[in-house]
Amino acid sequence: MYTKVISDQKRLRITLVAVRHSLGLTQTEFAALVWRNVQYIRQLEQGRQPVSERFIKNLCGICKINIGSLSDKQLEQLKAKAIRTAKAEKALKKAMALRIKYLRQSRGLSPAAFAAELGINNLYIYPIEAGTGSISKRLVWKIYERFGVDITSLSREQDKQLKTKAAAVMSKNQALRESGAGTIKAIRKIRGLSQTAFAAELGTDKPKISSIETGRNPVSNRLIEKIKNTYNIDITTYPNELKPLLEQPITTPVPQ
């Protein structure tokens, strides 16, 4: 049955690749599906390993596609399906990259902080948001488990809501960055502390406080939380009330 077709290895390889792409599978995923190792699949697709009759039968039993007896028309239909699937995957990858970026921004997290929340290397996040990195199923699950968001299946309305929330948080953070210098300095001044002493109370260092007060760096979420816990002051809510204190010549700490 397969004798004639088996000799046309090039056609079989093309068909095999088309089948895999039409299913939207990577070589690793396809190998697992057909109970082979990924190296074997790579060798088949690269022509370094012949497509055997046994493999064709096995694939037919699993995928219900007999790659050894497809007509030219059926092969073209399969290739067209593979192209559509590839385009859909590309669009989904772009959408997921944007969703990851908007999710991070909506939580007010830097790429490093977002990566820390997921327990992964922060260098993994930058290429994903730039659209050049791969998004693994493991990452999808980590995001779902940590934030309760399935980035593979958001509706247009949910995408819009996530983008809107991200924009609002980014705008708030920008305003906080602009007001941060005066706010941090005001808190330090009413406590009668030097930058070194103030930094020590917050568990940070003088250069960080100095860079914030001079406007070179924004106030981080971590520092906001430390100020709230240490002084019971939420600078995201009361920055404008603290600014006038800059003009007051207070030199003694305010009682606890």
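Some points to look at:
- Qualifying residue in the stretch 84-99 (condition: in contact with a helix residue (DSSP H, G or I) (Cβ under 9 Å, 6 or more places away or on another chain), free of Cβ contacts under 8 Å to residues at least 24 places away in the same chain and not assigned by TED's automatic domain parsing to the domain that holds D150): yes
- Being more than 12 Å from the chain's Cα centre (by Cα), of a type in the set (A, V, I, L, M) and in a helix (DSSP H, G or I) is a property that holds for I62.
- Residue list for the stretch 188-222, filter: within 21 Å of A112 (Cα to Cα), out of contact with any Lys or Arg (no Cβ under 8 Å at 6 or more places or on another chain) and part of a helix (DSSP H, G or I): P207, K208, S211, I212, N221, R222
- Scanning the stretch 47-59 for residues being among the basic types (K, R) and not in a helix (DSSP H, G or I) gives a total of 1.
- Lone qualifier among Q77, Q105 - being of a type outside the set (K, R), more than 30 Å from A166 (Cβ to Cβ) and in a helix (DSSP H, G or I): Q77
The values are calculated or read from the model by the stated rules, or taken from the named source; none is laboratory data. Please read all numbers here as calculations on a predicted model, not as lab measurements. As a convention, Cβ positions derive from the backbone with ideal geometry for all residues, glycine included, and neighbour counts pool all protein chains shown.
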